[in-house]
Every structure is written in structure tokens, then in C-alpha cells.
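Please treat every number below as a calculation from the coordinates, not as lab data. These numbers were taken from a predicted model, which means no experiment stands behind them. Please note: Cβ atoms are built from the backbone with ideal geometry, for glycine as well, and neighbour counts cover all protein chains shown.
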Amino acid sequence: MEIEKYQIAEYNDPVLNAHQKAFAYIASTVPNAEAIIEKLRAFQVAIPSWALGTGGTRFARFAGGGEPRNLEEKIMDIGLLHALNRSSGAISLHIPWDIPSNPANIRALAAQYGLSFDAMNSNTFQDQPGQPLSYKYGSLQHTDSATRQQAIDHNIEVINYGIELGSTSLTVWLADGSCFPGQLNFRKAFQNTLSGLQEIYKALPENWKMFVEYKAFEPNFYSTTVGDWGQSLLYANKLGEKAYTLVDLGHHLPNANIEQIVSLLLMEGKLGGFHFNDSKYGDDDLTVGSIKPYQLFLIFNELIDGMDARGMEHTTDLGWMIDASHNVKDPLEDLLQSVEAIMLAYAQALLVDRRQLAEAQKLNDVVRAQEILQQAYRTDVRPLVAEARLRDGGALMPLCIFRSSEVRKNLIRERGSVSVATGL
Ligand SMILES: [Mn+2]
């Protein structure tokens, strides 16, 4: 299933006039519309290979149809998203779920759809068939050195696959931790984990980055060995300049001030990547911007402020990824919504008048500071984001095309109604 450029243009045609009016209005009311559009056009969000099929909860999984059956079909699905929104130009793979049998062919196929390979993700949170040693009691933290070595070897294997695909980063998320007090020695668990990460770090090519992702709880519920940004930063600082902290929005305790975390990590030059999702209670992995869009905007506000302060490139100097799970929605529709939410928050944050905000902060004019932020947040930037898509041959209304061209129905016809995305 592919949607050709001419088909997108045909779908755009009836709504083009209304879009042009809306765009003309916002272009005349904001001072830097053209500059924002150029930034939006350059911005790309990586789609995780594991989010293309139905996820599940620990209670049940209600599979949809037409899910990708292999890596090739996952790439095709992301190619479809990218054709529609022009902002999903990268894929983030998960090993061993996505081991490429022929990396050169996979690389060529991705290039055909304009996709590059974002961070590689290792997996030591579950046992694979035939795996000699179990991760039931952790991987890099494990009390048994052979189990730790197995986890190290796996991560190095993931780096090697990544090299063949043209990726330049490795994300390490560990489920390691404990479920009960007394189960493990915190310091020994930390030290084991650190020395394992050091071994993996040594295998990184010169131009690679390592992202150390933290998570407050789950699947372990008493302690997590990389439990928060402080612990992640500790590892990243000890590892070296190629190691960074990765922030996943859902991996915090309730009401954590994520925008402040982002700001300080950027100040330290240690923010490496981002996993977008949204949540109400825990690591809910819901559609980006579906619950707390204002928080998403505030995070982007700090991202831009912090990146600009260090002269960083918005598009390339951080890894931008979605990490979500779809239980009740069509995964591809959900991803279109998530990317749209990210682009909107980015555009709104680009509208913030930073000179005036700094002045208000200096004068302790709290009311004005809030007004400046909310002025940007309350601006309807949808025509700016749509214009950016349009200029790159994308859809004015990606979801509408997805539905009216009956993408899912076609995918079910091609792949069947009981296909299961690998790894899920
Ligand atoms: Mn994540």
C-alpha cells in the first residue's frame, strides 16, 4: 500500500483554498512565519518499529488487522506516514525484534522511502528463545558475571547491526531493579551496571552516541537501577562524552517537572534524546499531546531555549523519537496524531518571544511571563504546520487521506487480518 504524490495533491485540492486563507492570516500575525516553516520542514521524528502494530496491556491484546509482518513492511508503513506528513523520516529499530537479514537491502529500501535509521534499541528486558541465561533478576546489574556478559555481548551485537544500517546511536533501557526491599544491594547493582555500560561504550564507533534511558518503575516496583535523570546523568558522566541521558516522557513519577529536567540536562550538555508519548498515571504510552499538551509545549519551550543557548541544531543534535503503544487505536492513525502534536508544540514554542520573556523574568513580572508563554501556546499554529507539509509534497490533512483512501482496509487485504507485528 502506497500513496503517490499525485494522489496526495488530489486530496489536497478541495481544501487548498481554505488552507491558504488560514495560512495567510497567521503569516500576517506572527513575525517569523517563514523562519518557523523552514524549521518545521527540517524537523523529523523517528518512528519506533514496535509502535506499528497493536500493543497490549498485561491483561490482553486486541490485535487489529494488516499489521506489518516483517521489517520490510514496517519500513513501508513508516514510508506511508512520511509520505503523508513529511515529518516521519526516520525509523528506530529494536533488536532482536528487527534483525535485518540483509542490511544493505534494508538500507536501500528505507532510502527509497526517504527514511534514515535513528537510534538502535537493545533488549535485555525479556528472555529470547534459546537464550542460555535468564534476565529474570536483571541484566547488566545481575549478580552473575556470565549473565552480565551476555547482556554486554547483546548490546555490542546491536551496535554492529546499527553500523551496517547507518545508525549512529544506541539507546539502552534496562528493566533492571528490584521488586522487594533487600532483594539487591543498590551500590553493587549500580557498579555492575556501570561496568557493563563501560564495556558497551568501548564498542561505540567514533561518531556514535549512547543514550541511557531512565524509568522510575515497572517492571520492577521497588527500585530501578537507572531510575531517574540523576542516576542516568551519573552513568552518562562516568561513561564519557559520547554518553547522554534520554528522557522518555512517561518514565517519571507523577507531576515531575520534566521541562526543568530537560533544561538542566541541556545546560550540562548531557541531553541526548527524547521519547515522546503522553500519560495520565504512569508509563501509559498514550498518543503524544492527548492528555497534557501544555506540558508538551513547555518542554519544547525549554528544548528550544536550551538548544539555542548552546548553538545546537534542532533537527540533528538530539534524537527525536516516539515511544508509544496503541491498544485501542489504529497504530498508524495514532502515530499521525502524535507527530502532528509534536510539530504543533514545536511551532508554538518557536513563537515564544524570548527577548521579552527574559525581560519579564528579570523584572520579576510573573504575570507578563505567563502571558508571553500562553500567547504562544494559544496561537492556532495548525496552518503553519500544514503549510510546511504542503511545501514538501505532504498532505494538508494526513488523517483524512489515511481514512478516505482506506489504507487499513488495503493493508488487511495485503497482509491478512491476523498478522502480528514481530516482537509484540
Ligand atoms: Mn522509551
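In the condition set (1) closer than 30 Å to residue 353 by Cα; (2) away from the ligand (no atom under 16 Å from the Cβ); (3) free of Cβ contacts under 8 Å to residues at least 40 places away in the same chain; (4) crowded, with 19+ Cβ neighbours inside 10 Å, residue 261 is compliant with all but (2). For segment 321-330, a residue qualifies if it is under 15 Å from residue 57 (Cβ atoms) and either among the polar types (S, T, N, Q) or within 16 Å of the ligand (Cβ to nearest atom) (or both), and the qualifying residues are 324, 325, 326, 327. When you scan segment 171-183, do you find a residue that is part of a helix (DSSP H, G or I) and of a type outside the set (Asp, Glu), even just one? No, because not a single residue in segment 171-183 is part of a helix (DSSP H, G or I) and of a type outside the set (Asp, Glu). In segment 236-250, the residues that are within 30 Å of residue 325 (Cα to Cα) reach residues that are within 9 Å of the ligand (Cβ to nearest atom) and polar (S, T, N, Q) with C-beta atoms within less than 7 angstrom, at least six apart or across chains, in these pairs: 246/171; 249/277; 250/277. The set of residues from segment 202-234 being closer than 22 Å to residue 153 by Cα and either away from the ligand (no atom under 16 Å from the Cβ) or not in a strand (DSSP E or B) (or both) comprises 202, 203, 204, 205, 206, 207, 208, 214, 225, 226, 232.
Going residue by residue through segment 6-13, is there one that turns out to be among the acidic types (Asp, Glu) and closer than 20 Å to residue 116 by Cα?
Filtering segment 6-13 for residues among the acidic types (Asp, Glu) gives 10, 13.
Filter once more, keeping what is closer than 20 Å to residue 116 by Cα: none.
No, that holds for no residue.
Residue count for segment 2-46, restricted to those that are touching a Ser or Thr at 6+ places or on another chain (Cβ under 9 Å) and over 20 Å from residue 346 (Cα atoms): 3.
Restricting the search to segment 80-95, which residues are under 25 Å from residue 342 (Cα atoms) and part of a loop (DSSP other than H, G, I, E, B)?
Filtering segment 80-95 down to residues under 25 Å from residue 342 (Cα atoms) leaves 80-94.
Passing the criteria: 86, 87, 88, 89.
For segment 235-258, how many residues are away from the ligand (no atom under 13 Å from the Cβ) and touching a helix residue (DSSP H, G or I) at 6+ places or on another chain (Cβ under 8 Å)? Spell out the reasoning first.
The initial filter retains those residues of segment 235-258 that are away from the ligand (no atom under 13 Å from the Cβ), namely 235-244, 253-258.
Retained after the next criterion (residues that are touching a helix residue (DSSP H, G or I) at 6+ places or on another chain (Cβ under 8 Å)): 235, 238-240, 242-244, 258.
Of the residues in segment 235-258, 8 are away from the ligand (no atom under 13 Å from the Cβ) and touching a helix residue (DSSP H, G or I) at 6+ places or on another chain (Cβ under 8 Å).
Could you tell me whether residue 147 is of a type in the set (Ser, Thr, Tyr), on the phi < 0 side of the Ramachandran plot, more than 27 Å from the chain's Cα centre (by Cα) and outside any loop (DSSP other than H, G, I, E, B)? The answer is yes for residue 147. In this structure, is residue 61 assigned to a helix (DSSP H, G or I), touching a residue at least 40 places away in the same chain (Cβ under 8 Å) and out of contact with any Phe, Trp or Tyr (no Cβ under 8 Å at 6 or more places or on another chain)? Taking the combined requirement at face value, the residue does not satisfy it. Set side by side, the residues 363, 332 differ, and just one is without any contact (Cβ under 8 Å) to a residue 12 or more places away in the chain and among the aliphatic types (A, V, I, L, M), which is 363. Would you mind stating whether residue 385 is surrounded by 17 or more Cβ atoms within 10 Å (Cβ to Cβ), within 20 Å of residue 294 (Cβ to Cβ) and either free of Cβ contacts under 8 Å to residues at least 24 places away in the same chain or of a type outside the set (S, T, N, Q) (or both)? Spelling it out, residue 385 is indeed surrounded by 17 or more Cβ atoms within 10 Å (Cβ to Cβ), within 20 Å of residue 294 (Cβ to Cβ) and either free of Cβ contacts under 8 Å to residues at least 24 places away in the same chain or of a type outside the set (S, T, N, Q) (or both).
The residue that is surrounded by the fewest Cβ atoms within 10 Å (Cβ to Cβ), counting only those in segment 265-287 that are away from the ligand (no atom under 16 Å from the Cβ) and more than 26 Å from residue 196 (Cβ to Cβ), is 281.
Residue 293 meets the conditions (1) within 16 Å of the ligand (Cβ to nearest atom); (2) surrounded by fewer than 19 Cβ atoms within 10 Å (Cβ to Cβ) in every case but one. The failed one is (1).
Against the test of being of a type outside the set (Phe, Trp, Tyr), within 16 Å of the ligand (Cβ to nearest atom), touching a residue at least 12 places away in the same chain (Cβ under 8 Å) and buried (at least 19 other Cβ atoms within 10 Å of the Cβ), the options 351, 318 yield a single qualifying residue, 318. For segment 170-201, taking the residues that are of a type in the set (A, V, I, L, M), surrounded by 21 or more Cβ atoms within 10 Å (Cβ to Cβ) and within 16 Å of the ligand (Cβ to nearest atom), the one that is farthest from residue 92 (Cα to Cα) is identified as 174. The residues of segment 9-51 that are of a type in the set (Gly, Ala, Ser), surrounded by fewer than 18 Cβ atoms within 10 Å (Cβ to Cβ) and closer than 30 Å to residue 72 by Cβ, listed by number, are 9, 42.
Quick one: which of 77, 98, 118 is charged (D, E, K, R), under 18 Å from the mean Cα position of the chain (by Cα) and assigned to a strand (DSSP E or B)?
Values: 77 fails: assigned to a strand (DSSP E or B); 98 fails: assigned to a strand (DSSP E or B).
Criteria check complete, one pass: 118.
Taking the conditions (1) within 16 Å of the ligand (Cβ to nearest atom); (2) closer than 26 Å to residue 64 by Cβ in turn, residue 341 satisfies each one other than (1). Taking the criterion of being of a type in the set (Val, Ile, Thr) and within 22 Å of residue 88 (Cβ to Cβ), the residues of segment 368-424 that qualify are 381, 385, 401, 407, 412, 422.
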